[in-house]
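**Student:** Can you read through this structure? Questions will come right after.
The values are calculated or read from the model by the stated rules, or taken from the named source; none is laboratory data. Source: prediction; values computed, not measured. Note: ideal-geometry Cβ built from the backbone for every residue, glycine included; neighbour counts use all protein chains shown.
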């Protein structure tokens with residue numbers, strides 16, 4: 001279902017989803033979708049130009065407080081580099097919710113959606129040069145430490161939500 005190719009600085013993940021390209025595009029770019037999968041929170045893509053931000057969900061804020069730390073109002077920030085609905089979205093990407101990842105460089109994230117028989121192939125390419133802590137988190141290798149399952153888990157959750165109407169983890 002989801003595969004990963006990892007090098008020191010680039011991670012590539014693909015997943016096949018039984019849906020059309022517009023639905024997958026909307027799930028990636030529309031707040032009403034982005035709040036329902038992955039780690040929660042909502043993305044704001046400023047209608048395809050300029051800056052984008054991801055904001056935490058209340059559950060994320062509450063979990064941070066319960067664990068003795070504060071989640072910032074913006075947990076991911078960046079600039080939109082390419083906005084070509086419904087096939088390509090490219091961004092600079094900077095995770096701010098963890099002090100260690102906030103110290104690292106901006107990375108580049110690209111979503112590509114390609115029609116295939118029976119649905120679409122969604123490929124996420126994350127260039128993580130200058131961000132070794134983030135690379136470990138997004139690879140899923142820190143899952144046992146509470147950092148989550150990375151891109152493989154996010155894409156599996158997105159696929160489940162689109163195909164069944166339910167995310168893997170209830171919000």
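**Student:** Quick check on segment 84-100. Is at least one of its residues touching a helix residue (DSSP H, G or I) at 6+ places or on another chain (Cβ under 7 Å), in contact (Cβ under 8 Å) with a residue 60 or more places away in the chain and either in a strand (DSSP E or B) or on the phi > 0 side of the Ramachandran plot (or both)?
**Tutor:** Looking for residues that are touching a helix residue (DSSP H, G or I) at 6+ places or on another chain (Cβ under 7 Å), in contact (Cβ under 8 Å) with a residue 60 or more places away in the chain and either in a strand (DSSP E or B) or on the phi > 0 side of the Ramachandran plot (or both), one finds at least one in segment 84-100, hence yes.
**Student:** When you go through (1) at negative phi; (2) within 12 Å of the chain's Cα centre (by Cα) one by one for residue 73, which number turns out not to apply?
**Tutor:** Evaluating residue 73 over (1) at negative phi; (2) within 12 Å of the chain's Cα centre (by Cα) leaves (2) as the failure.
**Student:** Return a yes/no flag: does segment 125-142 have any residue that is in contact with a helix residue (DSSP H, G or I) (Cβ under 8 Å, 6 or more places away or on another chain), surrounded by 13 or more Cβ atoms within 10 Å (Cβ to Cβ) and within 18 Å of residue 36 (Cβ to Cβ).
**Tutor:** no
**Student:** So which of 118, 78 is within 18 Å of residue 24 (Cα to Cα), out of contact with any helix residue (DSSP H, G or I) (no Cβ under 6 Å at 6 or more places or on another chain) and at pLDDT 95 or above?
**Tutor:** On inspection, the qualifying residue turns out to be 118.
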